[in-house]
Every structure is written in structure tokens, then in C-alpha cells.
Amino acid sequence: MAWQSITDNSIEDIRADKKSAKSVEKYMVSKKALYFEGKYLPISEITSVSMHDSTYNPHCCCGRGFPVKKLKIEYGTDKPLILMLEKAENAQKMMRLIKEAEN
């Protein structure tokens, strides 16, 4: 799979970096990038990360959904990256991994 950066910047040796990444649900975080859905966002591009409560409705209609956490990741564009995580602990873990990688 060829990973594509969602910004104009890319990182060198994507294979080695991805091997060092830690998984959190369906996402991965390394020292250099945040990986999701065949794409990645270089950590150096991230300006802020915030966590929000939300509800996921799997059938997109009225009825009962289940609570999820969403991470809003700002990276200098008009539209932030929104990632959905099922568990609050995983959202907190992912925020921690991103903040550690930024330092």
C-alpha cells in the first residue's frame, strides 16, 4: 500500500516509520506521522488536538446511536482532520502519543 500525505510535506522512509508506529483502534501513531485510511499526517504539521464527545449512528437514521469520542486535529487548513474512536481511554492514549511525538 502506498501511503499518501494529506499535506504537501512528506516524510522519508515511510516503511521504517510505520513499523515503529503504535496502534490505537484503527489508527497508528509514530514519532513522525499519524496514519489513517491509507493516508498520513506528518506530526510536524499538527497545530492542536482536542477531544469531543459525539454519537455514532451506524444506520444514519433516527434512533439510538452509541457514544464515541472524536479527536479534532488542526493542521493549518480550513478543514481539520476528525478521527472517531470508540473508547475514551483510546482517545486519551492517542492524544498522549501525538503530544509525545511532537516533543
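The values are calculated or read from the model by the stated rules, or taken from the named source; none is laboratory data. Computed from a prediction, not measured in an experiment: that's the story for all the values here. Cβ placement follows ideal geometry from the backbone for every residue including glycine, while neighbour counts extend to all protein chains displayed. Please note that ligands, DNA and RNA were not included when accessible areas were found on the heavy atoms of the full protein model with its side chains. Shrake-Rupley method; radii C 1.70, N 1.55, O 1.52, S 1.80 Å.
Things worth noting here:
- Accessible area (Å², per residue) of the chain, counting only protein heavy atoms and a probe of 1.4 Å: 66
- Accessible surface of the chain, 1.4 Å probe, proportion on carbon and sulfur as whole %: 47
- Options (1) 13.2, 44; (2) 31.4, 96; (3) 14.2, 46 - which one matches Rg and Dmax of the Cα atoms in Å as calculated here: (3)
- For segment 17-56, the list of trypsin sites (Lys or Arg not before Pro) that fall in a loop by DSSP and count at most 15 other C-beta atoms within 10 angstrom reads LYS26, LYS31.
- The mean sequence separation of alpha-carbon pairs under 8 Å and at least six residues apart, normalised by the residue count of the chain, gives a relative contact order of 22 percent.
- Counted by Cβ distance under 14 Å from ASP13, the other residues give a net charge of +3, where Lys and Arg count +1 and Asp and Glu count -1.
- Taking all protein chains together and a 1.4 Å probe, the residues LEU34, LEU81 rank LEU81, LEU34 from largest to smallest accessible area.
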